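Worksheet: the structure to be examined is printed underneath.
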Amino acid sequence: MAVATGRLKLETQGGGQILEITPDILKQVAASKIQRGTVTIFLTGTTAGVGVMEMEPGTVKDLQAAMERLGPRGAAYQHNAMNAGETNGHSHLQASLFGQSLVVPIEGGKPMLGTWQRIIVMDFDSRPRTREIVVQTMGE
Ligand code: ZN
């Protein structure tokens, strides 16, 4: 079995911004030369997440609106009340609900994504950030 661990750095704006990273993941899987196995995509933060969606303007707006309903910006959060200067309680909550990792099976040297599936990073923070995403390919 082989393991290849790579990283992906992204500059994000926050506020529910959605960025597609599918081409970066395809590139790292191809570079690993692994034909059959899995790729794990893991975001090392607590105010952004990783997932799969159809990248179409309507679904982007719908997902952003749904996350805003789950953790509204203006609501009261203990994270903000208990930590002076913190204003991103909603960001932590949205990120926890969204999740920080994704596993995709690999066959024939390619991730087995469905026709419309795109891998995305969604950033919930209240300010721009530099994000690090670990991309670990395992298999043979
Ligand atoms: Zn915080």
### Task
Answer yes or no: is there a residue in the range 83-95 that is open to solvent by 40 Å² or more (accessible area, probe 1.4 Å), touching a strand residue (DSSP E or B) at 6+ places or on another chain (Cβ under 8 Å) and of a type in the set (D, E, K, R).
no
### Message
Would you confirm, using the coordinates I've provided, whether Met82 is away from the ligand (no atom under 16 Å from the Cβ) and farther than 25 Å from Arg36 by Cα?
### Response
no
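Of the residues Thr12, Thr59, Thr47, Thr22, which single one is farther than 13 Å from Met122 by Cβ and either under 18 Å from the mean Cα position of the chain (by Cα) or within 15 Å of the ligand (Cβ to nearest atom) (or both)?
Result of the check over Thr12, Thr59, Thr47, Thr22: Thr22.
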### Query
What single numbered condition from (1) surrounded by 12 or more Cβ atoms within 10 Å (Cβ to Cβ); (2) among the polar types (S, T, N, Q); (3) within 15 Å of the ligand (Cβ to nearest atom) fails to hold for Thr137?
(3)
### Task
Mind counting the residues in the range 9-28 that are open to solvent by less than 20 Å² (accessible area, probe 1.4 Å) and either in contact with a helix residue (DSSP H, G or I) (Cβ under 7 Å, 6 or more places away or on another chain) or under 15 Å from Arg118 (Cβ atoms) (or both)?
4
#### Entry: Residues satisfying the stated conditions in the range 29-41, i.e. aliphatic (A, V, I, L, M) and open to solvent by 50 Å² or more (accessible area, probe 1.4 Å)
Ala30, Ala31
### Query
Counting only residues that are open to solvent by 80 Å² or more (accessible area, probe 1.4 Å) and in contact with a helix residue (DSSP H, G or I) (Cβ under 9 Å, 6 or more places away or on another chain), which one in the range 62-73 is nearest to the ligand (Cβ to nearest atom)?
Arg73
### Message
Looking at the range 44-84 only, could you name the residues that are in contact with a Phe, Trp or Tyr (Cβ under 9 Å, 6 or more places away or on another chain) and assigned to a strand (DSSP E or B)?
### Response
Ala48, Gly49, Val50, Gly51, Met53
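The values are calculated or read from the model by the stated rules, or taken from the named source; none is laboratory data. For clarity, every value in this text was computed on a predicted model and none was experimentally measured. We place every Cβ from the backbone using ideal geometry, glycine too, and count neighbours over all the protein chains shown. When the accessible area is computed, the model is the full protein with side chains, heavy atoms only, and any ligands, DNA or RNA have been set aside. Shrake-Rupley method; radii C 1.70, N 1.55, O 1.52, S 1.80 Å.
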